[in-house]
Structures are given as C-alpha cells and as structure tokens.
Amino acid sequence: MEPRFVTRSAFTVVGMKYRGKNEKNEIPQLWEKFMPRAGEIKQRANPFGYGVMDNYHDKTGEFDYLAGVEVQDVSDVPEGMESWQVPEQTYAAFPCNLKNIKETFQQIYHEWLPQSGYQRTDGPEFEYYDESFRPDQGKLDLFIYIPVRKK
C-alpha cells in the first residue's frame with residue numbers, strides 16, 4: 001500500500017453532516033439523503049464528491065462527517081447543510097474501493113502509518129469521489145486523503 005503525496009490548497013465543502021461512530025451504517029444513509037439535494041448547492045467548483053471527517057474524539061470514538069461537494073463560494077448554503085473549510089495541507093492519498101473502505105482505513109492507520117516515516121497531522125481527512133466513481137456502472141473507486149508530515 002503506497003500512497004501518492006499531494007499538497008492541496010485550501011478548499012470549502014458544502015454538504016450534510018453526521019456525528020457518531022458509524023456503527024449502524026449511518027454514513028451511507030447520509031449520502032442517500034444528500035445526493036437528491038446536491039443540486040441545491042450553488043457555486044460548485046467541480047462535480048466531484050467529498051466525505052470529510054474531522055473532530056474525532058479518542059474516548060468515545062465519535063467523529064463528524066460531511067457528505068458534500070466543493071464550492072467556490074458559501075454565500076448561499078441550503079437549509080439543513082453547512083460549509084467546512086479544509087486547510088491547505090500535504091496528504092497521503094490512497095486509492096480505495098467503496099467495497100473495502102473500512103479495511104483500507106484499518107490498513108492505513110494500523111500498518112502503513114506506523115511504518116511509514118510519516119505522522120498524521122491535525123486537520124480533517126477526506127474521501128474524494130472523482131470521475132472514476134460511477135456507482136451506476138459498478139465503478140466504486142475513490143481516494144482517501146490523510147493529512148501527514150515527515151517524522
């Protein structure tokens with residue numbers, strides 16, 4: 001498992017938020033609620049989706065997750081949605097498939113990261129659903145971006 005390293009400029013995502021542990025598959029349910037409303041978002045920067053994760057709590061295992069899209073402007077956030085700023089960072093980007101996303105996160109944090117010479121930095125991590133993600137065609141490829149720096 002070898003990532004590519006990418007420095008991304010800051011960007012903003014608008015979408016719908018979930019807080020919890022995803023114990024009952026709540027994140028896929030959030031996407032099901034979000035997708036029919038995605039067209040309400042104005043000033044989209046591109047057609048791609050983001051699943052942004054932040055505010056992980058070590059003791060409870062809870063975290064915030066925003067299912068959304070990148071925008072150029074946040075002057076018109078639809079009701080029931082919010083905007084998150086993702087700061088400029090260097091990321092380790094891992095190719096993944098939706099079918100094995102949980103296993104990929106486990107490998108990243110329990111295998112790759114401890115042996116990599118990198119450490120996770122503060123800030124959100126995110127799933128990036130680009131043009132290769134086509135669920136209507138059975139194509140479920142995405143990337144997981146973890147903020148890192150050399151130890």
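Residues considered: Phe5, Phe94. Of these, the only one that is within 13 Å of the chain's Cα centre (by Cα) and in contact (Cβ under 8 Å) with a residue 60 or more places away in the chain is Phe94. Quick one: is Asp76 open to solvent by 50 Å² or more (accessible area, probe 1.4 Å) and in contact (Cβ under 8 Å) with a residue 12 or more places away in the chain? In short, yes. Identify all residues within segment 1-36 that are of a type in the set (Phe, Trp, Tyr) and in a strand (DSSP E or B); write none if there are none. Of everything in segment 1-36, those that are of a type in the set (Phe, Trp, Tyr) and in a strand (DSSP E or B) turn out to be Phe5, Phe11, Tyr18. The residue of segment 101-118 that is surrounded by the most Cβ atoms within 10 Å (Cβ to Cβ), among those that are within 15 Å of Tyr56 (Cβ to Cβ) and touching a residue at least 12 places away in the same chain (Cβ under 8 Å), is Ile108. If I filter segment 30-40 for residues that are within 27 Å of Gln107 (Cα to Cα) and either open to solvent by 90 Å² or more (accessible area, probe 1.4 Å) or β-branched (Val, Ile, Thr) (or both), do I get at least one hit? Yes; the residues of segment 30-40 include at least one that is within 27 Å of Gln107 (Cα to Cα) and either open to solvent by 90 Å² or more (accessible area, probe 1.4 Å) or β-branched (Val, Ile, Thr) (or both). Among the candidates Tyr18, Tyr65, the residue that is open to solvent by 20 Å² or more (accessible area, probe 1.4 Å) and either modelled with pLDDT under 95 or closer than 16 Å to Ile101 by Cβ (or both) is uniquely Tyr18. Looking at this structure, is Gly123 small (Gly, Ala, Ser) and over 26 Å from Thr12 (Cβ atoms)? So Gly123 fails the test.
The values are calculated or read from the model by the stated rules, or taken from the named source; none is laboratory data. Here the structure is a predicted model, which is why all the values come from computation and not from measurement. When we count neighbours, we look across all protein chains shown, and the Cβ atoms used for this are built from the backbone with ideal geometry, even at glycine. The protein model used for the area step is the full one, side chains on, heavy atoms only, and it has no ligands, DNA or RNA in it. Shrake-Rupley method; radii C 1.70, N 1.55, O 1.52, S 1.80 Å.
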